[in-house]
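Please read the structure below before turning to the comments.
The values are calculated or read from the model by the stated rules, or taken from the named source; none is laboratory data. Note that the coordinates shown come from a computational prediction; the quantities given were computed from them, not determined experimentally. Cβ: placed from backbone, ideal geometry, glycine included. Neighbour counts: every protein chain shown. For the accessible areas, the whole protein counts, side chains as well, though only heavy atoms, and no ligand, DNA or RNA atoms are used. Shrake-Rupley method; radii C 1.70, N 1.55, O 1.52, S 1.80 Å.
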Amino acid sequence: MWSRRLAWLLRGQRGSTGRLWPWLRREPGTVLAVPARCHPTAPESPWCAWQLHRDHLELRYGSTVMRLDFVWLRDHCRSASCYNAKTNQRSLDTASVDLAIRPQAVRVEDTTLFLTWPDGHVTRYGLEWLVKNSYEGQKQQVMHPRILWNAEIYRQAQVPSVDCRRFLETDEGLKEFLQNFLLYGIAFVENVAPTKEDTEILAERISIIRETIYGRMWYFTSDFSRGDTAYTKLALDRHTDTTYFQEPCGIQVFHCLKHEGTGGRTLLVDGFHAAEQVLRRAPEHFELLTRVPLKHEYVENVGGCHNHMIGVGPVLNVYPWNNELYLIRYNNYDRAVINTVPHDVVRRWYHAHRALTAELRRPDNELWVKLKPGKALFVDNWRVLHGREAFTGYRQLCGCYLTRDDVLNTARLLGLQA
């Protein structure tokens, strides 16, 4: 519709009644502007059309229709006086922008939008930049590209482990590891010396280690030295860690240093794959799990360890502009009393939680891995649930939590989308 009307207007014609198309009729308080076609620098350049409204500019470039508020357009100016390109920081004081501001003149030349403001200041934007950074453009983009998997999908992908030396000494090895981790939420490094010190060196290659109530680097045995079921030989159902933190730890590192006994396989489940199935089959359940905040709690009084942690948030966390899932907070062990949900919602929440749990417990979603000395596992704790089967004998693991921001920072510096 846009293209047809635009082509007609550019030919300077009118309809049979001699009036402009209804799309261009003046609205109260609207400054009318005939759409202008971009003069393409290449034959395949997208069409561009624009129209001024009372408080925003409506701009079409290619297939994207953007509605850009005038204050937003002034605030994001990238001129030298408004933005420091050396530090990539805004210089303009946003609070100084008149909230009733409107441009005195608007024009498009080639693939650049120019706006002249009442004080004579000129702002220019590349149209591709606007598509990428506008709300409408962001709705069409994925923040974190991923491959959702069940056990069979992951096995068929034959995702390779990365050799420890290559991981530590080359950017290529590090990039391969991080690409696997970003896509699947898990990644392995092989041929690691089975010591806590070497595991620490491995972790620090991609991130600052996050020190928590469990310390910086921890040993993990069945001595019940902490008030947590994990410090036993019992089986653990699938869960994410530190749901009782206001911001759950982003990445978890496991390295089995020794196991003299049987059992103890590690269970891995792609929580985002399970949530996607809930969204597809029962979107009302998915939506409820993104809205209802819950408390998770960790109470510990063992030996010299005294802690009472409370974290609050929904089971599923999504970016509101594109509904992309970025965090799952699922731990039935640590979920506190449900006292944040009114009675007319709580039963529906239980139905939704049951639907997600059923997906998480589907046997074909379960990837079982036997950890062994020399093979370190990195787990995205915001996405992949882990558990274990019961075991016998002496089993010792070491590991740590990593700061998510630093892992993603490392990935971006290597040219990956993260």
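Structure summary
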{"item": "Solvent-accessible area, 1.4 Å probe, carbon plus sulfur percent, for region 48-139", "result": "47"}
{"item": "With every protein chain in place, region 151-414: carbon and sulfur % of accessible area (1.4 Å)", "result": "50"}
{"item": "Solvent-accessible area per residue for region 151-414 (1.4 angstrom probe, square angstrom)", "result": "44"}
{"item": "Estimated 222 nm signal from helices in the chain, with DSSP H stretches of n ≥ 4 weighted -39500 (n - 2.57), rounded to 500", "result": "-7500 deg cm²/dmol"}
{"item": "Cβ-based net charge around ARG335, under 13 Å, with every Lys or Arg adding one and every Asp or Glu removing one", "result": "-1"}
{"item": "Estimated inter-spin distance, ILE338 and GLU109, nm [label 7 Å along Cα→Cβ]", "result": "6.2"}
{"item": "Anchor LYS370: lysines whose Cα lies under 21 Å away (excluding residues fewer than 8 positions away in-chain)", "result": "LYS196, LYS233, LYS258"}
{"item": "Under Karplus coefficients 6.51, -1.76 and 1.60, residue-wise ³J(HN,Hα) of region 310-320 in Hz, glycine/proline x", "result": "9, x, 10, x, x, 5, 10, 10, 10, 6, x"}
{"item": "For the chain, size of Cβ-based charge dipole, Lys and Arg +1, Asp and Glu -1, in debye", "result": "1460"}
{"item": "Cβ crowding within 10 Å averaged over residues, with 245-254, 132-141, 260-269, 372-381 ranked highest first", "result": "372-381, 245-254, 260-269, 132-141"}
{"item": "Highest-first arrangement of 113-120, 275-282, where packing means the average Cβ count within 10 Å", "result": "275-282, 113-120"}
{"item": "Around ALA100: net Lys/Arg minus Asp/Glu count, Cβ-Cβ under 13 Å", "result": "0"}
{"item": "Shape of region 355-403, Cα gyration tensor, a/c cut at 1.5", "result": "oblate"}
{"item": "Options ALA85, LEU408, CYS48, ranked by Cα towards positive dipole end of the chain, top entry (Cβ charges)", "result": "CYS48"}
{"item": "Under 12 Å from the Cα of LYS295 - aspartates and glutamates, other chains or at least 8 residues apart", "result": "ASP334"}
{"item": "Spatial separation of Cα centroids for region 39-108 and region 115-166, in angstrom", "result": "21"}
{"item": "Cβ-defined net charge surrounding GLU190, 11 Å radius [Lys, Arg +1; Asp, Glu -1]", "result": "+3"}
{"item": "Dipole of the chain [Lys/Arg +1, Asp/Glu -1 at C-beta], most positive-end residue of ASN323, GLY215, LEU360", "result": "ASN323"}
{"item": "Mean Cβ neighbour count within 10 Å, used as a protection proxy, ranking 88-97, 53-62 highest first", "result": "53-62, 88-97"}
{"item": "Å³ per residue enclosed by the Cα convex hull of the chain", "result": "215"}
